[in-house]
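First the structure, in the form of structure tokens, and then the observations on it.
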Amino acid sequence: REAIQIMGSLAEEYGFYGAGEFEGTGESLAVSDVDEAWIFQILPDPSGASAIWAAQRISDDSFAVLANMFVLRELDPNDKKNFLISNSVHSVAWDRGWWDGDELLDFTKVYSDG
């Protein structure tokens, strides 16, 4: 959890480089310790100066496969135990008209071709 927060904070402050736009510019990483495992997905924000990122905890009775595409779906910002997200996840999607705010944001649907 702390590693996710540090990586996300650094990317928001210093930016995340990706050539092109969205799909192909992002990264998916597995981050774990002895207590928990997370899927961390990140891409550059539209300004190129910051980052959009989200992370989901992998439940103890599950596993994850990270391929060449984002896999995070509906992000629940109220579920702090299982989700960590940048402030820009919702604001960029809203500002660009990609998300109407009526339901949970689907990270993969909004920020990739998936």
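The values are calculated or read from the model by the stated rules, or taken from the named source; none is laboratory data. Predicted model only: the values in this text are computed from it and were never measured. Note: ideal-geometry Cβ built from the backbone for every residue, glycine included; neighbour counts use all protein chains shown. The accessibility values were calculated without ligands, DNA or RNA, using every heavy atom of the protein model including side chains. Shrake-Rupley method; radii C 1.70, N 1.55, O 1.52, S 1.80 Å.
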With the dipole of the chain defined by +1 on each Lys or Arg Cβ and -1 on each Asp or Glu Cβ, the option from PHE107, PHE63, LEU29 whose Cα lies farthest towards the positive pole is LEU29
Comparing ASP61, ASP35, ASP95 in a Gaussian network model of the chain (Cα, 10 Å), the one with the largest mean-square fluctuation is ASP61
Could you look at the chain and say what percent of its accessible area is carbon and sulfur, using a 1.4 Å probe and all protein chains?
-> 49
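For TRP94 and SER62, what does the FRET efficiency come to when R0 = 35 Å and r is the distance between their Cβ atoms, rounded to the nearest 0.05?
Once rounded, the FRET efficiency stands at 0.70.
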If you roll a 1.4 Å probe over the heavy atoms of the protein chains, what accessible area per residue do you get for the chain, in Å²?
-> 59
Rounded to the nearest 5, the percent of DSSP beta bridges in the chain running antiparallel is 100
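Calculate the all-directions average of the projected area of the chain's alpha-carbon convex hull, and give it in nm².
Computing the convex hull of the Cα atoms and averaging its projections yields 6.9 nm².
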Cβ charges +1 (Lys, Arg) and -1 (Asp, Glu), total dipole of the chain, debye = 120
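Using a Förster distance of 22 Å, how high is the FRET efficiency between SER47 and GLU27, based on the Cβ-Cβ distance and rounded to 0.05?
0.75
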